[in-house]
1. Being assigned to a strand (DSSP E or B) and of a type in the set (A, V, I, L, M, F, W, C) is true for just one of VAL145, VAL91, VAL86. Which residue is that?
2. Hey, any hits in the range 248-265 for a residue that's assigned by TED's automatic domain parsing to the domain that holds GLY231, modelled with pLDDT of 95 or more, closer than 27 Å to GLY53 by Cα and not polar (S, T, N, Q)?
3. Could you give me the residue pairs with C-beta distances under 6 Å whose first residue belongs to the range 199-211 and is in the same structural domain as PHE230 (by TED's automatic domain parsing), whose second residue is surrounded by fewer than 24 Cβ atoms within 10 Å (Cβ to Cβ) and of a type in the set (D, E, K, R) wherever it lies, and which are 6+ apart or on separate chains?
4. Are any residues in the range 211-247 modelled with pLDDT of 95 or more, touching a Leu at 6+ places or on another chain (Cβ under 8 Å) and more than 21 Å from ILE169 (Cα to Cα), and if so, which ones?
5. Identify the single condition in (1) farther than 20 Å from LEU289 by Cβ; (2) touching a strand residue (DSSP E or B) at 6+ places or on another chain (Cβ under 9 Å); (3) basic (Lys, Arg) that ARG205 does not satisfy, given that it satisfies every other one.
6. Could you list, in sequence order, all residues of the range 143-168 that are over 26 Å from GLY45 (Cα atoms) and touching a helix residue (DSSP H, G or I) at 6+ places or on another chain (Cβ under 6 Å)?
7. Residue under question is GLY263, and the condition is that it be assigned to a strand (DSSP E or B) and over 21 Å from GLY181 (Cα atoms); does it hold?
8. Residue by residue through the range 84-115, note down the ones that are under 27 Å from PRO148 (Cα atoms) and without any contact (Cβ under 8 Å) to a residue 40 or more places away in the chain.
Amino acid sequence: MVTATQPAVVCFGPARYSVELRELPPPRLRADEVLVDVANVGVCGSDLHMWLGDQSWAIPYPMVLGHEFSGIIREVGAELEGQWRVGERVVSETAAVIDPRSPLSRRGLYNLDPNRKGFGGAVDGSMTRQIAVPARILHRIPETVSLPEAALTEPCCVAYSAAVANAHIEPGDRILVLGPGPIGILCAAIASLRGAIVAVAGLERDRKRLEVVTAYGCEALVGDVEEWAFGAGPDRLGVDGVIDSTGVSASLQTAMKVVRPAGWISKVGWGPQPCQFSLDPLVQKNVRLQGSFSHNWPIWERVLFLMGTGKLDVKPILGGIWPLEDWRPAFETMHSGEIVKAVLQVNAASE
């Protein structure tokens with residue numbers, strides 16, 4: 001049933017806390033899209049940044065927030081008959097708009113298309129009742145994965161990209177993850193799946209979230225990381241790789257200090273601050289610095305398979321579920337560091 005309006009969590013301006021619940025018209029369905037009844041939406045760090053007004057990218061206000069979501073197909077576009085069915089449980093990638101003629105898109109790297117526009121950051125997102133999704137970025141949810149868990153597929157894909165596609169981890173490698181946010185902890189979980197010995201580092205205020213890393217067989221570090229980096233290993237020359245998932249540029253200096261010669265750094269965290277330090281250690285140590293942004297189709301399929309088998313379990317990071325209208329306490333609880341991940345419940349859906 002299509003309603004006249006639907007509630008949506010909207011960021012309406014650049015000032016701090018410029019987010020509110022508004023009533024908006026429902027989406028119009030194109031022939032190559034499916035209409036999804038949103039079940040659950042994960043709260044991302046980027047949503048918190050837009051709520052706090054300190055994001056590092058331009059936003060076309062007003063903007064419906066949310067890009068980590070699961071749902072059930074309500075309607076199928078005219079071009080998609082026989083490909084998708086009403087009632088199927090689905091998740092969606094974030095690349096809402098791409099240029100299919102782009103050389104990057106033609107290589108399957110549409111996540112790097114300069115014209116890419118993502119849900120909840122450049123086009124209206126999923127913190128609302130219904131959303132129209134291009135079929136090209138739609139994926140079916142394994143039967144063994146619940147809708148709230150499926151809403152966390154997207155951060156798992158970000159982590160997979162940083163820890164697998166843009167890193168080089170072998171069994172027995174020692175890997176340091178900087179930052180115990182959702183992406184950092186999921187990076188640690190995936191690095192551990194690859195057979196690495198993993199530690200996750202945070203600050204004193206991160207102790208609550210760092211407790212979660214033990215569920216993934218990883219060690220939690222607070223403060224100085226050099227003792228762990230250089231105090232063990234076959235030659236004590238540093239860690240084999242560093243995954244930087246923090247939101248501050250200064251963490252790159254720590255990464256360069258503790259990584260071994262001929263090691264690597266995978267940087268997935270955004271840090272808009274200028275770097276007030278030399279990058280010479282990258283040269284001196286012959287270290288590879290690799291950026292990691294977003295994800296694409298094969299990563300989503302692999303991650304959903306891992307979630308379906310239970311090898312990749314998101315339950316340890318799921319800190320609570322709030323109704324859509326309680327988006328503010330969900331944001332506040334996650335921002336406080338009391339939990340790793342908040343999830344919103346939009347449409348009630350049976351499993």
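1. One residue alone meets the criteria, VAL91.
2. yes
3. ALA199/GLU219; LYS208/GLU338
4. VAL222
5. Exception for ARG205: condition (2).
6. Listed by number, the list holds a single entry, THR144.
7. Yes.
8. ARG85, VAL86, GLY87, VAL97
The values are calculated or read from the model by the stated rules, or taken from the named source; none is laboratory data. Here the structure is a predicted model, which is why all the values come from computation and not from measurement. No Cβ is skipped: glycine too gets one built from the backbone with ideal geometry, and neighbour counts run over all protein chains shown.
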